[in-house]
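The values are calculated or read from the model by the stated rules, or taken from the named source; none is laboratory data. The model shown is predicted, which means the values in this text are computed figures rather than measured ones. Reconstructed Cβ throughout: ideal geometry from the backbone, glycine too, with neighbour counts over all protein chains shown. Please note that ligands, DNA and RNA were not included when accessible areas were found on the heavy atoms of the full protein model with its side chains. Shrake-Rupley method; radii C 1.70, N 1.55, O 1.52, S 1.80 Å.
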Amino acid sequence: MTWLVTGGAGYIGAHVVRALVRDGASVVVLDDLSTGSASRVDPAATLVEGSVLDRALVRRVIGDSGVDGVVHIAAKKQVGESVADPLLYYRENVEGLISLLEGCQAGGVRRFVFSSSAATYGLPDVDLVDEQTPGVPLSPYGESKLVGEWLLRDCTQAFGLQVMSMRYFNVAGASAPELGDPGVFNLIPLVFQALARGERPRVFGGDYPTPDGTCVRDYVHVADIADAHLAAARALEAGTPGATYNIGRGQGSSVLEVLRVVAEVTGQPVEHDVVDRRPGDPARVVAAVDRIRDELGFRAERGLTEMVESAWAGWQHRA
Ligand code: WQD
């Protein structure tokens, strides 16, 4: 089977491409290399440089490569940036999806794996967030992903597209140092950056209703994210109908726990400053992971220490 992976030269996409290639799939990558890099693309995959917004290119790639299914990862993903520039996020994430879906409809592609996000949930007030928890996203980024899920559901009705929507929780780590997260936007890379600069990492809020007062998140290794996509792609190939899945570990870690693991892994003391809460941060976001385990047989295997160790190796590789 041939899978088209959009965003396959990026941090998460490159891991998904490797997982598919290792499992014997033929892979075509469409990536505009705005944040990704050609060197991340598995040599066994074919890289086409271009944007999902280029409708003619999308149609050509789907037609010429005999694509059987699409894994759509190409997207903008910074929450703060999306608040400042919502038009950019709706254009790239919603219009980009429309362009790709037009290509799928025209080319007869009926299998689709969609990169969605826990950001679709907004401020969930539950211990474990399951896929039925109502979604009220707090940012244009989260909205663009939820709108994408709705559009995909409509395409299932309209022309039989089978869709696996994968809601990532807090992705971290790398399967090789050269595949580390190049962005410095999330907690773990921000802590590494502070250490590198001789600064004290900032902890956003110490008065949350959590065991140690800091926010709790469900950190999940990017290699587990890739394995989940592989499970979703294989299920679609086997004729399993589409569904929406959380991809997390089902275990929460507080910001202070993450800092402790960073200190252990790096061997450096991590002295931090507790500062004001960051607006819009929920106290706790932890996935219920039963559905993906029961229906796709997937379970995240890698723990927080492995995530931080591999993220640290990636950070040192880039330095
Ligand atoms: C994690 C925790 C912060 C930086 C975002 C998106 C989400 C998903 C993952 C894509 C929070 C705290 C952070 C710092 C801190 N993205 N923190 N000091 O906000 O949980 O999730 O990225 O799909 O949709 O919303 O991730 O890494 O920014 O923060 O204390 O310098 O670390 O408050 O509790 P977040 P994050």
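Here D64 and S37 are evaluated by their C-beta separation; at R0 = 35 Å the FRET efficiency comes out at 0.90. I'd like the antiparallel share, as a percent to the nearest 5, of DSSP beta bridges with both residues in the chain. In the chain, DSSP labels about 5 percent of beta bridges as antiparallel. Taking Cα atoms only, the orientation of helix 96-107 departs from the longest principal axis of the chain by about 30 degrees. Once the Cα-Cα distance is subtracted from the 0.36 nm per residue extended length, the D54 to V184 segment shows a gain of 44.0 nm. Over the C-alpha trace of the range 4-157, radius of gyration and Dmax come out as 15.5, 47 angstrom.
Take the Cα of R153, step 7 Å along the line toward its Cβ, and report every residue of the range 89-122 whose backbone nitrogen sits under 14 Å from that point. In the range 89-122, the label zone of R153 (backbone N under 14 Å from the point 7 Å along Cα→Cβ) covers 120-121. Between the alpha-carbon centres of the range 249-264 and the range 31-60 there is a gap of 35 Å. With the Cα gyration tensor of the range 168-319 giving a ≥ b ≥ c as the square roots of its eigenvalues, does the rule (a/c under 1.5 for rounded; else a/b larger than b/c for prolate; else oblate) give rounded, prolate or oblate? Note, shape of the range 168-319 comes out oblate. Excluding ligands, DNA and RNA, the accessible surface per residue across the chain is 43 Å² with a 1.4 Å probe.
Calculation over all alpha carbon pairs of the range 111-243 in 5 angstrom steps from 0 returns a P(r) of 2, 9, 14, 18, 19, 16, 11, 6, 4, 2, 0, 0 percent.
Picking from P282, A196, L30, whose Cα lies most toward the positive end of the charge dipole for the chain (charges on Cβ: Lys, Arg +1; Asp, Glu -1)? Farthest towards the positive end: L30. With helices as the sole contributors, the chain gives -12000 deg cm²/dmol at 222 nm; each DSSP H run of n ≥ 4 counts as -39500 (n - 2.57), and the sum is divided by every residue. Placing +1 on each Lys and Arg Cβ and -1 on each Asp and Glu Cβ, with no other charges, gives the chain a dipole about its Cα centre of roughly 360 debye.
So if we plug the beta-carbon distance of D125 and E271 into 1/(1 + (r/R0)^6) with R0 = 30 Å, what FRET efficiency do we get, rounded to 0.05? Result of the calculation: an efficiency of 0.35. Separation of the range 183-200 and the range 64-108, taken as the distance between their Cα centroids, equals 30 angstrom. Ordering of 32-44, 55-67, 218-230 by packing is 218-230, 55-67, 32-44, highest average first (other Cβ atoms within 10 Å, averaged per residue). The value of relative contact order for the chain, using C-alpha pairs under 8 Å at least six residues apart, is 19 percent.
The value for the chain of Rg(Cα) / (2.2 N^0.38 Å) is 0.96. Overall, the accessible surface of the chain at a probe of 1.4 angstrom is composed of carbon and sulfur to the extent of 48 percent.
Inter-label distance, T133 to A176: 3.5 nm, where each label sits 7 Å from its Cα along the C-beta direction. The stretch between A106 and T305, if pulled fully straight at 0.36 nm per residue, gains 67.1 nm over its current Cα-Cα span. Using the beta-carbon distance between F204 and E295 and R0 = 35 Å, what value does 1/(1 + (r/R0)^6) give for FRET efficiency, to the nearest 0.05? Efficiency computed from Cβ-Cβ geometry: 0.50.
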